[in-house]
Amino acid sequence: MSMESINQVLSFVIVNVAGFEITVLQLIQIPLLILLIWFVVTRIGKLIRMGLIKRNVSADAVHFFSRLYFVITAIILVFTTLEILNIPLTAFAFISGAIAIGVGFGAQNIINNFISGWILMWERPIRIGDLLEVGDARGVVESINTRSTLIRRNDGVHMLVPNSQLLENTVTNWTLIDNNLRNQVRIGVAYGSNVRLVSELLYTAVGEREDVLPKPSPKVFFEDFGDNALIFDVVFWIQAKSETDVRGCRSDIRFRISALFEEHGIVIAFPQRDVHLNGELTLVSKK
């Protein structure tokens with residue numbers, strides 16, 4: 001095939017929009033140019049991300065700046081490509097009108113979640129690594145995307161929550177300010193136990209642990225006289241990043257309390273009932 005034939009093929013007009021012609025050559029140049037520029041952009045983005053991580057920038061801030069960088073570069077990429085190919089924006093006026101109509105009717109939720117995602121990343125009421133309670137589910141935030149937030153539940157299952165729900169509904173963030181969480185272990189001892197000794201042993205059980213914070217200091221409360229037991233609550237604070245850490249700490253403290261009570265002869269109460277039988281038998285005669 002001669003060069004003249006190749007030029008004719010490349011200059012063949014495929015689309016004619018508003019007096020502007022799109023040729024085969026331009027149709028080939030567009031994806032190649034976009035791939036080349038996007039390759040450079042992604043490499044620069046990775047370098048920026050690595051630089052922020054080395055500077056010990058928080059994970060959610062790194063995520064936000066990475067998203068912002070890619071959005072800005074994508075917009076610049078589109079306009080630069082059109083400028084290089086000499087394609088005027090007026091050629092897409094009819095397309096933008098059709099898109100606007102479609103957005104108005106069918107993409108309200110998508111736009112709502114998109115804007116909510118940027119609000120979450122900018123205001124940071126929820127950050128990557130936070131322990132959230134959404135409805136009946138608890139989990140750690142792994143990523144905040146433009147449409148939804150990825151949460152890993154305590155059972156290991158990943159849960160996608162639309163961003164708008166996190167802004168419009170009540171969400172409990174256990175680690176919004178810090179990782180300090182209040183914990184409580186309740187135990188019942190048998191009536192007749194030495195309550196002062198019980199209190200000392202509970203203080204000992206929590207005081208031996210390094211993960212229990214000295215401030216606020218642990219507190220032991222003689223909570224109530226129960227039906228079958230004397231009820232004690234020991235309240236303490238720990239630093240935890242997940243509910244597994246919380247449950248593990250409570251479990252270890254219960255093991256230690258059980259050992260201390262057994263060592264000092266304190267009986268842990270259990271449900272019991274006293275049944276009194278009347279030995280007299282009354283005969284009722286029928287008339």
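The values are calculated or read from the model by the stated rules, or taken from the named source; none is laboratory data. Please read these numbers as outputs of a predicted model, since none were measured by experiment. All Cβ positions, even for glycine, are placed from backbone atoms using ideal geometry, and neighbour counts span all protein chains on display. Ligands, DNA and RNA are stripped out before the accessible areas are found, and what is left, the full protein with its side chains, is counted by its heavy atoms. Shrake-Rupley method; radii C 1.70, N 1.55, O 1.52, S 1.80 Å.
Which peptide among 167-176, 32-41, 134-143 comes first, and what is the full order, when sorted by highest mean count of other Cβ atoms within 10 Å?
Ranking, from highest mean packing down: 134-143, 167-176, 32-41.
Report ³J(HN,Hα) in whole Hz for each residue of the range 142-152, in order, from the Karplus equation J = 6.51 cos²θ - 1.76 cosθ + 1.60 where θ = phi - 60°; Gly and Pro get x.
The phi angles translate into 9, 7, 10, 9, 5, 10, 9, 10, 8, 10, 9 Hz.
Just check the range 138-181 against the gyration tensor rule for me: Cα atoms, a ≥ b ≥ c as the square roots of the eigenvalues, rounded for a/c under 1.5, and otherwise prolate or oblate depending on whether a/b exceeds b/c.
Details: a/c = 1.87, a/b = 1.21, b/c = 1.55.
It is oblate, given that a/c is not under 1.5 and a/b is not larger than b/c.
Taking a ≥ b ≥ c as the square roots of the Cα gyration tensor eigenvalues, with a/c under 1.5 meaning rounded and otherwise prolate when a/b beats b/c, else oblate, which class fits the range 208-277? Show your work: numbers first, answer last.
Details: a/c = 2.34, a/b = 2.20, b/c = 1.06.
Judged from the Cα gyration tensor, the range 208-277 comes out prolate (a/c at least 1.5, a/b above b/c).
Could you report the accessible area of His158 in Å², rounded to 10, computed with a 1.4 Å probe on the protein chains as they sit in the structure?
The accessible area of His158 comes to roughly 90 Å².
Among Pro216, Tyr191, Val171, flag the residue with its Cα farthest along the positive direction of the charge dipole of the range 170-236, charges on Cβ as +1 for Lys/Arg and -1 for Asp/Glu.
Pro216
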